[in-house]
1. Any idea what Rg and Dmax come out to for region 57-128 if you just take the C-alpha atoms, in Å?
2. Is there a quick way to get the dipole size of region 44-128? I mean about its Cα centre, with the Cβ of Lys and Arg at +1 and of Asp and Glu at -1; what is the value in debye to the nearest 20?
3. Provide the per residue accessible area, probe 1.4 Å, for region 87-128, rounded to a whole number of square angstrom.
4. Using a 1.4 angstrom probe on heavy atoms only, work out the carbon and sulfur share of the accessible area of region 61-128 in %.
5. Please name which of THR87, GLY100, PHE126 has its Cα lying farthest along the dipole of region 32-128 towards the positive end, using unit charges on Cβ (Lys, Arg +1; Asp, Glu -1) and the Cα centre as origin.
Amino acid sequence: AARTAPSRPTPGRQASDRAPVVQTSPAPVAAPTPAAPESREDLPETPTRAQVQAAFTRVLPNLRACTDSRGAVPIRVTISGSGRITTAVVQGHFAGTPEGSCLARAVRTAHLPAFQQRRLSVNYPFVL
């Protein structure tokens, strides 16, 4: 049987003169997506009445700065599941007025805790 001679270094060539060895790494594996702090199933179905009232009470000073008038102002508010106010429609005698626009902007600054439903609409009587 024929024997192959062990490979010997070529005279005059250094190890650094050899062609580089290309190493392939395994295909990258996608990192798992980090879980949200709370899964939607852990959230309440809707905010509580107390949470809605507390959030709207916090913005009352901003609403009162919109007008010198006092009394109840009904506002239809839509809250997204993230807790952000997406729409505020002023009803009653302030509807369509500059004061009404100011009131709607002030209400939209409120924020509630996140909840499961996609959105929630409430008619809320803001008392100025």
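1. 11.9, 38
2. It works out to roughly 160 debye.
3. 56 Å²
4. Roughly 52 percent, rounded to a whole number.
5. Sorting the options by dipole projection puts first GLY100.
The values are calculated or read from the model by the stated rules, or taken from the named source; none is laboratory data. As the structure is a prediction and not an experimental result, all values here were calculated from the model. When we count neighbours, we look across all protein chains shown, and the Cβ atoms used for this are built from the backbone with ideal geometry, even at glycine. Areas reflect the complete protein model, heavy atoms only, side chains present, ligands, DNA and RNA absent. Shrake-Rupley method; radii C 1.70, N 1.55, O 1.52, S 1.80 Å.
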